[in-house]
Amino acid sequence: MSDIDPNARINLSKALVLLIDGSQHSVDVLAQIMKGFGVPEVYRCTNIDEAEKITRARTFDLIIIDPQVSDGAGYEFLNGLRQSEGAPNAYTPVVLISGHARATDVRRARDTGANFFVAKPITPSVLLQRILWVARDKRPFVEVGKYIGPDRRFKFEGPPPGSDGRRENDLSAPLGSADEPNMSQTEIDSLIKPQRVMI
């Protein structure tokens, strides 16, 4: 996230956003923040039944949800959204916001297909920074076993050591044998020893 310009502009004038939070006050505050970002159409839901109904009828550009809505049913909602192949919002970016930011919650958010997890309380600047990050996120959507969502890897440094990788495009990195014998300690020392420059 360090590569995001803090002065960057984003045009949200055509965005359609769905907000899902069990607290009417929280969803209203989020809606005001989104309106302040220039989002013209914001839909608000305070329970999962409303959210499921509206996601079947409309296609959204962004969904922001508190996973604790409807007694913690937000995770199942997101999982169902990702698994609904061909549904209008199966690939919509989803940001989870929660007052519970334990490592287990973050892992669960990642494993259900969330694009990002943000801890409450939320400030407008932090939320906008996360939206910018999601908008510029280049991770592909993957379907591996029961998981459907953005690639969970943020860094592409090859497969873990001792592994050939889990994806078709992962390349193993076999080491060949040395072409020349190892350098002696004297040769190594001469490489790093300061040399006098003659002018």
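Scan the range 46-124 for trypsin sites (Lys or Arg not before Pro) in coil per DSSP, keeping those whose Cβ has at most 11 other Cβ atoms within 10 Å, and list them by number.
ARG102
Between ARG44 and residues 5 or more places away or on another chain, which pairs have amide H atoms under 5 Å apart, with H built 1.01 Å from N, and which residues are they?
Correct list: LEU19.
With label points built 7 Å along Cα→Cβ from the Cα atoms of ARG58 and GLN185, find their separation and express it in nm.
Going by the 7 Å Cα→Cβ label model, 7.3 nm.
May I ask you to order 180-189, 66-75 by the average number of other C-beta atoms within 10 Å around their residues, highest value first?
Packing proxy ranking, top to bottom: 66-75, 180-189.
Over the range 16-150, what is the mean sequence separation of C-alpha contacts under 8 Å (at least six apart), divided by residue count, expressed as relative contact order in percent?
So the answer I get is 20 percent.
Can you list the HN-Hα couplings for the range 53-62, worked out from phi with the Karplus curve (6.51, -1.76, 1.60; θ = phi - 60°), rounded to whole Hz and with x for Gly and Pro?
5, 6, 6, 7, 9, 10, 9, 9, 8, 7
May I ask which of LYS14/LYS138; LYS14/LYS146; LYS35/LYS146; LYS14/LYS53 have a Cα-Cα span longer than 26 Å here? Write down the numbers at each step before the final one.
On the way: LYS14/LYS138 21 Å; LYS14/LYS146 33 Å; LYS35/LYS146 36 Å; LYS14/LYS53 22 Å.
With Cα atoms farther than 26 Å apart: LYS14/LYS146; LYS35/LYS146.
HN-Hα J couplings of the range 27-44 from phi, Karplus 6.51/-1.76/1.60, θ = phi - 60°, integer Hz, Gly and Pro as x?
Rounded to whole hertz, the list is 5, 5, 5, 4, 5, 5, 4, 5, 4, x, 7, x, 6, x, 10, 10, 9, 10.
Two decimals is fine: what's Rg over Rh for the range 16-150, C-alpha atoms, Kirkwood radius as Rh?
On the way: Rg = 13.6 Å, Rh = 14.7 Å.
Reported Rg/Rh (Cα atoms, Kirkwood Rh): 0.92.
Any read-out appearing in this document is the output of simple, stated calculations on the displayed coordinates, not a laboratory observation. Quick caveat: nothing in here was measured; it's all calculated off a predicted structure. Quick reminder, even Gly has a Cβ in these numbers, built from the backbone with ideal geometry, and neighbours come from all protein chains shown.
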